[in-house]
Amino acid sequence: MLTDKGIRQSMSRKDNFLDSAVMENFFGLLKTELLYLQNFDSLVQFRTELDEYLDYYNNRRIKPKLNGLTPVGHRSQAISVA
């Protein structure tokens, strides 16, 4: 199925924890800041809350490590300098 979609599977090489560190960190934050804080009445409600969280995470969350910028702001700044 992956080949039909033009996707190359990359599971054959030795595992490197750095490959998954970014996503592990993101999912940890997602669970801590969204999933564990409330009970969802339906999948639709969860999806709505998830969409709002992703918007917050990318567009409004200020990160000290990014010099006080949001992730989108930091990427935009980096692109304009390049």
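Here, each number is a calculation from the coordinates, and none is a lab measurement. It should be emphasised that the depicted structure is a prediction, and the values quoted were computed from it without experimental measurement. Every residue, glycine as well, gets a Cβ built from its backbone with ideal geometry; the counts of neighbours run over all protein chains shown.
Brief remarks on what is shown
- Options LEU34, LEU2, LEU50, LEU43; residue that is in contact with a Phe, Trp or Tyr (Cβ under 7 Å, 6 or more places away or on another chain) and not aromatic (Phe, Trp, Tyr): LEU34
- Wholly within the stretch 8-82, helices (runs of 4 or more DSSP H) carrying at least 1 residues that are touching an Asp or Glu at 6+ places or on another chain (Cβ under 9 Å): 17-33, 43-55
- Residue, surrounded by the most Cβ atoms within 10 Å (Cβ to Cβ), within the stretch 27-82, restricted to residues that are under 14 Å from the mean Cα position of the chain (by Cα) and of a type in the set (S, T, N, Q): THR70
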